[in-house]
Amino acid sequence: MASEILVGVAGVGHLGRHHARLYATLPGVRLVAVADRDLARARAVATEFGCEALAEVGDLVGRAQAVSIAVPTIHHREAGEILLGGGVDVLIEKPMAASLEEADALNAAARRAGRIVMVGHTERFNPAVITLARAVDAPRFLEIHRLAGFTDRSTDVDVVLDLMIHDLDLLLHLDGTEAVSVDAVGVAALTERIDIASARIRLASGCVANVTASRISGDKVRKIRVFQSRTYLACDTIKGTVERYRLRFGADARPEIQRDRLPVDSGEPLALELAAFVEAVRSRSNPPVDGLQGRRALSLAYRVREAISGPASRS
């Protein structure tokens, strides 16, 4: 059996605690430490999952081979550069950084150190999305809705960087080409930042997408609709379903719609993501969502923000 990969978590708030929980159960992995400036919180999580509690990110260097960074976005660059410079591979929660310049700095730090950067676009690992991606072939139109109720988490960024960025990454992943035009609207409602936004994006392939995200909805919605040649795909990531509707011609040459439900595997998306990260660390291979892809999604998110608020929204 291959030797254990020693892992840690930087930042153990709501999401970081789940990273620690899952690392503690992954085979071939040993959770050695968690770090948080709130040492009492670090100690509580460390006690829960049987590891060491630390106050500073830098204290993970020399203890862990790989670390999840789940600190607030404004601290991603600092934490990433400390860990990468110390020879540690990192998984950085989305959004990758607080600016494109900081994302570039993180990728440069990884290249200098010869370390792995993976970005936590967890929806890539949702079993329903994996099934959907296998069925997508030259999409012509996509409609994506991500609606959530209000919480006090992630209010350090707006809804574009908090929620919509998931679907911007999926859009680029499913289509495979770059955005050539972006139109968007958005408003701040409950916070001082954009809480609901809708974007219309045209890609180099000719595909057009309407992407909507809200963090002030009464209902939780996660739906992706893909239209391609003679096929319509409907994915509900909450229900874990993918339905396919295809135009077929019968023996009499009359058109008819054939409907089927595609098989979807089970699995917790974050657990699958962490397992993929650990495998990349173990095999020294490129992770499924590397730093360049994380930067690509961030760049499109900023284009959406600029379409809403103007160039000043990049800062």
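Here is a list: 308, 224. Which entry is touching a Cys at 6+ places or on another chain (Cβ under 6 Å), surrounded by 18 or more Cβ atoms within 10 Å (Cβ to Cβ), assigned by TED's automatic domain parsing to the domain that holds residue 141 and of a type in the set (A, V, I, L, M)?
Details: 308 fails: touching a Cys at 6+ places or on another chain (Cβ under 6 Å).
None of the other options fit; the residue is 224.
Going through (1) surrounded by 18 or more Cβ atoms within 10 Å (Cβ to Cβ); (2) over 28 Å from residue 268 (Cβ atoms); (3) hydrophobic (A, V, I, L, M, F, W, C) one by one, residue 55 falls short only on (1). Looking only at residues in the stretch 255-275 that are of a type outside the set (Gly, Ala, Ser) and in a loop (DSSP other than H, G, I, E, B), the one that is farthest from residue 68 (Cα to Cα) is 262. Checked against (1) surrounded by fewer than 22 Cβ atoms within 10 Å (Cβ to Cβ); (2) farther than 22 Å from residue 267 by Cβ, residue 26 meets all criteria but (2). Taken over the stretch 203-215, the criterion of being in contact with a helix residue (DSSP H, G or I) (Cβ under 9 Å, 6 or more places away or on another chain) and crowded, with 16+ Cβ neighbours inside 10 Å is satisfied by 203, 207, 209, 211, 212, 213, 214, 215.
The residue of the stretch 185-202 that is nearest to the chain's Cα centre (by Cα), among those that are surrounded by fewer than 21 Cβ atoms within 10 Å (Cβ to Cβ) and closer than 23 Å to residue 139 by Cα, is 198.
From 224, 238, grab the single residue that is closer than 17 Å to residue 170 by Cα, assigned to a loop (DSSP other than H, G, I, E, B) and touching a residue at least 12 places away in the same chain (Cβ under 8 Å).
Values: 224 fails: assigned to a loop (DSSP other than H, G, I, E, B).
Residue meeting the stated conditions: 238.
For the stretch 11-27, the criterion of being touching a residue at least 24 places away in the same chain (Cβ under 8 Å) and more than 23 Å from the chain's Cα centre (by Cα) is met by no residue.
Each residue in the stretch 78-105 was checked for being more than 17 Å from the chain's Cα centre (by Cα) and more than 15 Å from residue 60 (Cβ to Cβ), and 4 pass. Determine if the stretch 241-255 includes at least one residue that is surrounded by 10 or more Cβ atoms within 10 Å (Cβ to Cβ), closer than 30 Å to residue 20 by Cα and free of Cβ contacts under 8 Å to residues at least 40 places away in the same chain. So far as the stretch 241-255 goes, no, none of its residues is surrounded by 10 or more Cβ atoms within 10 Å (Cβ to Cβ), closer than 30 Å to residue 20 by Cα and free of Cβ contacts under 8 Å to residues at least 40 places away in the same chain.
Against the conditions (1) assigned to a strand (DSSP E or B); (2) in contact (Cβ under 8 Å) with a residue 24 or more places away in the chain, residue 202 satisfies every one except (2).
Among the residues of the stretch 129-142, is there at least one that is within 28 Å of residue 78 (Cβ to Cβ) and not hydroxyl-bearing (Ser, Thr, Tyr)?
As a first pass, look at the stretch 129-142 and keep what is within 28 Å of residue 78 (Cβ to Cβ): none.
No, the stretch 129-142 contains no residue that is within 28 Å of residue 78 (Cβ to Cβ) and not hydroxyl-bearing (Ser, Thr, Tyr).
Restricting the stretch 119-161 to residues that are at pLDDT 95 or above and of a type in the set (Gly, Ala, Ser), which is farthest from residue 260 (Cα to Cα)? Only one residue fits best here, namely 120. Pairing each residue of the stretch 158-174 that is under 12 Å from residue 194 (Cβ atoms) with any residue that is charged (D, E, K, R) and assigned to a helix (DSSP H, G or I), provided the two are 6+ apart or on different chains, yields C-beta distances under 6 Å for 160/305. Annotation: residue 164 fulfils all but one of (1) modelled with pLDDT of 95 or more; (2) in contact with a Pro (Cβ under 6 Å, 6 or more places away or on another chain); the unmet one is (2). If you check residue 165 against the conditions, is it among the β-branched types (Val, Ile, Thr) and surrounded by 23 or more Cβ atoms within 10 Å (Cβ to Cβ)? For residue 165, the condition - among the β-branched types (Val, Ile, Thr) and surrounded by 23 or more Cβ atoms within 10 Å (Cβ to Cβ) - is met.
The values are calculated or read from the model by the stated rules, or taken from the named source; none is laboratory data. This structure is a prediction, so every number in the text was calculated from the model and none was measured. Cβ sites come from the backbone with ideal geometry, for glycine too, and all protein chains shown count toward neighbours.
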